[in-house]
Amino acid sequence: MKHFVLIISLLFLTGCAKDPAPTPSGGTGGTGGGGTWTPPSADASMYTNFSEDWDNWRVEIPDTIITVRTSFSEDWDNWDFSLPGLNGDIRTSFSEDWDNWSLITSDYTIQMRTSFSENWDNWDIDDMGSSWHADVQTSFSEDWDNWDVFIGGTDVLDMNTNFSEDFDQWRGYGEFVSSNPIEYRLAVLFIPVFISALHQQGIIE
C-alpha cells in the first residue's frame, strides 16, 4: 500500500511540474537584438542584426533568409531586400509619406498603405497585378507588440514580439508563411518592422 501511495504521489507531482521557460540560445543572426533567440516551431522570425539597429533586419521564413536594410543610414523612406535569386525595393510613394508604400520586384508590385491617414494600426496590402489582398492590423489599438494578418476575413498569421516592447525580436505563427510568394510574405512582415523603426525614432507615437 505504501508503494502504491508513493507511485501515485510521484505521478501527481510529475504531471503538475511547470514546463521550463524557453531560454535564449544564440541564434544564427547578429550579435544583438533578435539575433539571440528564434523560438521553436515559429513559422517566421524577424530580428535586428545588432541591438536597436533599426536599419538592418534579418527575416527568416521556411528555407529562406531575407536581408532587409535601409538604402542609406536612417533613410526610412527607402529599403532594399535580398535573398538568393531575388532582390527588391520597398519605398514610400512620396518623401516621408509613411502612409503609402510599394514593394517592387521584377515580378510583383505590391501596395502597402494605411486604411486611413496616419492610422498605423491598420494596413491594406494589395498586389497591383491581381486581386490578392491582405489586412495587417494590431491585435488591440496601438498594441505595437501584436499584429494579425487577415485574408478574406480569416486570421492567417499572428506576429508578436518575443518579449513585451522588445521590438528587436519578432516571431510569427500561421499557415500564411508557407503558402504565398516571397513578395506577399515579406510585404506583411515588413509592416511591424517599419512601425518599430519609426516608433523607436519617435517619428510616430
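Where a number appears in this text, it was derived from the coordinates with a stated rule and is not lab data. Here the structure is a predicted model, which means the values were calculated and not measured. Quick reminder, even Gly has a Cβ in these numbers, built from the backbone with ideal geometry, and neighbours come from all protein chains shown.
Between residue 143 and residue 107, what is the FRET efficiency for a Förster distance of 35 Å, r being their Cβ-Cβ separation, to the nearest 0.05?
Taking R0 as 35 Å, the efficiency between residue 143 and residue 107 is 0.55.
7 Å from Cα along Cα→Cβ at both residue 51 and residue 173: what's the point-to-point distance in nm?
Each label point lies 7 Å from its Cα, and together they span 2.8 nm.
Quick check: residue separation of residue 118 and residue 72 times 0.36 nm, minus the Cα distance between them. What number comes out in nm?
Contour length minus Cα-Cα distance gives 14.2 nm.
Give me the dipole magnitude in Debye, nearest 20, for segment 52-109 about the Cα centre, with unit charges on the beta carbon: positive for Lys and Arg, negative for Asp and Glu.
In debye, rounded to 20, segment 52-109 gives about 260.
Which semi-axis lengths, in whole Å and largest first, follow from the square roots of five times the eigenvalues of the Cα gyration tensor of segment 50-205?
19, 18, 17
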